[in-house]
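To keep things clear, I will list the structure first and then write my remarks on it.
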Amino acid sequence: MALVQEGTVSHVWPLGTTVDERGVLQLGGCDALELAREFGTPAYIVVEDDLRTRARAFLDAFERHAADYEVHVASKSFPSSPVLRVLAEEGLACDVAGGGELAIALRAGFEPGRIHLHGNAKTERELREALHAGIGDIVIDNFDEIDALERLIPHGSHQRVLIRVAPGVSPDTHPKISTGGPNTKFGFSTHDAPEAIRRLQASDRFDLDGLHMHIGSQILDIAPFRPALEAMARLGEFRTWNLGGGLGVAYTSEQSAPSIEDYVKNKVSLVEELIGPGHRVADEPGRALVAHCCVTLYTVQSVKRNVATWVAVDGGMSDNLRPMLYGARYEAHVVGRPGGGTVCHLAGKHCESGDVLVHDADLADPRPGDVIATPVTGAYGHSMANNYNGGLRPPIVFVKDGDAREVVRRETYDDLLVRDA
Ligand SMILES: *Cc1c(COP(=O)(O)O)cnc(C)c1O
């Protein structure tokens, strides 16, 4: 797959990406080779305009189709305060899945009342922190959590909550990121939900605002939202219907994904049809907001030929775990050589044979010292980054109108040792 086809780059690259006359990728108006030189590799390069544009696309689509709505970024998809700050500025609310993400979201500047807490095993400490911060909804996952919260909410005050229900529907996605089927660790079954609703409505500690579902991630066929909401609709009448996130994205140039507009329109019209008019529709996009804004840059360290050709770079499963966790596909390009021609495995530097970023990548004559770019790494890249082999987690660099600014620095060896007694 060549980087440039018919004079333009494919839809997997951040908005505004071009290739200059030497064949060098330009991200947010910045030269990718210069970015690699200035900030080192591996590096997450975030095109700020792409991030803002996708946030606006969600808000504009809801504005067109729904009278009452709220769009929450699922912070786990890119839990970095500079990234989340951009989304807060654009007017999104925020979901967190624990105390750590709550701290990041507060730092990013979200109003506490527009932060919502998820989780199937919230600790007492996390529930206390959420109550103390005065967050919006706590999304109740199980009966034990109702007991714990009831003990923690002071007499005379009450907490707004949603109930997470697993509607018994599995979208066509990888089993590891399918979350709404009948045998899942998330939420109440449709069988148990009525009892949870009764308990929350009977207690003066809770203000039950509505129901929540999240059926899975990287959803490329939006049809399963209908049977899922049908199952939820039988549970009663509520103000807020939160249909979770899950909109998939194209990771390779051959792939395509539903548009934000079609996804939003479908969800809003399902609520109107199956529940009725006058409800608040909430959505929780993660991947579809943040995946496309980011390109990871690496440097080739070695090229080896045995049965296949192995091109090894200075990152891998420490900065992008998705290929190893669930076989996620990416594409890769040599910066400055926009064609292809060498079919090879783009391998990471870690001590596992499974540490391969892209199987059967098509690179143009890769050599040591080349800079490699992999697009669509914004979602769950930084979030699942780790220090395997003592690796230093990469910096995050914002690019916009030709200016580059490091918003998260690269880790140092001191960072690796800072917690040691
Ligand atoms: C992960 C998650 C999301 C976001 O999913 P994406 O596929 O990234 O859009 C939304 N809601 C909940 C509850 C989640 O766990």
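Could you please state, rounded to a whole Å, how far the C-alpha centre of the stretch 355-391 is from the C-alpha centre of the stretch 53-71?
33
With labels modelled as points extended 7 Å from the Cα through the Cβ direction, what inter-label distance (nm, one decimal) is found for residue 413 paired with residue 384?
A separation of 3.0 nm, rounded to one decimal place.
Summing -39500 (n - 2.57) over the DSSP H runs of n ≥ 4 in the chain and dividing by its residue number, what mean residue ellipticity at 222 nm do you reach, to the nearest 500 deg cm²/dmol?
-7500 deg cm²/dmol
Taking only protein heavy atoms and a 1.4 Å probe, what accessible area per residue, in Å², does the chain have with all protein chains in place?
Ligands and nucleic acids excluded, the figure is 41 Å² per residue.
Determine the relative contact order of the stretch 23-107: mean sequence separation of Cα pairs under 8 Å and six or more apart, normalised by residue count, in whole percent.
That works out to 23 percent.
Please identify the chymotrypsin sites (Phe, Trp or Tyr not before Pro) of the stretch 129-196 that satisfy two criteria: DSSP loop assignment and at most 14 other Cβ atoms within 10 Å. Which are they?
The qualifying sites: there are none.
Please give me, ordered by residue number, the trypsin sites (Lys or Arg not before Pro) of the stretch 192-248 that lie in loop per DSSP and have at most 13 other Cβ atoms within 10 Å.
Answer by residue number: 234, 239.
Report, in whole Å, the centroid distance computed from the Cα atoms of the stretch 258-304 and the stretch 192-212.
Cα centroid of the stretch 258-304 versus Cα centroid of the stretch 192-212: 29 Å apart.
Give me the percent relative contact order of the stretch 269-421, please, defined on Cα pairs under 8 angstrom at least 6 residues apart.
25
Counting other Cβ atoms within 10 Å, which GluC sites (Glu not before Pro) in the stretch 161-264 have at most 11 and lie in a DSSP loop?
Of the GluC sites (Glu not before Pro), the ones in loops of the stretch 161-264 whose Cβ has at most 11 other Cβ atoms within 10 Å are 237, 254.
I need to check one value: relative contact order of the stretch 49-290, counting alpha carbon pairs closer than 8 Å and at least 6 residues apart, in percent.
22
Show me 384-392, 343-351 ranked by packing, highest mean number of other Cβ atoms within 10 Å first.
Going by the mean number of other Cβ atoms within 10 Å, highest first, we get 343-351, 384-392.
Calculate what fraction, in whole %, of the accessible area of the chain sits on carbon and sulfur atoms when a 1.4 Å probe is rolled over the protein chains.
48
Once a ≥ b ≥ c are taken as the square roots of the eigenvalues of the Cα gyration tensor of the chain, is the result rounded (a/c under 1.5), prolate (a/b larger than b/c) or oblate (a/b not larger than b/c)?
Here the chain falls in the prolate category.
Output the DSSP H helices from the chain with an along-axis C-alpha extent of no less than 18 Å and a mean Kyte-Doolittle hydropathy no less than -1.0.
260-274
Take peptides 286-293, 273-280 and line them up by average Cβ neighbours within 10 Å, highest first, as a rough protection proxy.
286-293, 273-280
Which order do peptides 370-381, 162-173 fall in by mean Cβ count within 10 Å, highest first?
Descending packing order for the listed peptides: 370-381, 162-173.
The values are calculated or read from the model by the stated rules, or taken from the named source; none is laboratory data. These numbers come from a predicted model, not from an experiment. Quick reminder, even Gly has a Cβ in these numbers, built from the backbone with ideal geometry, and neighbours come from all protein chains shown. For the accessible areas, the whole protein counts, side chains as well, though only heavy atoms, and no ligand, DNA or RNA atoms are used. Shrake-Rupley method; radii C 1.70, N 1.55, O 1.52, S 1.80 Å.
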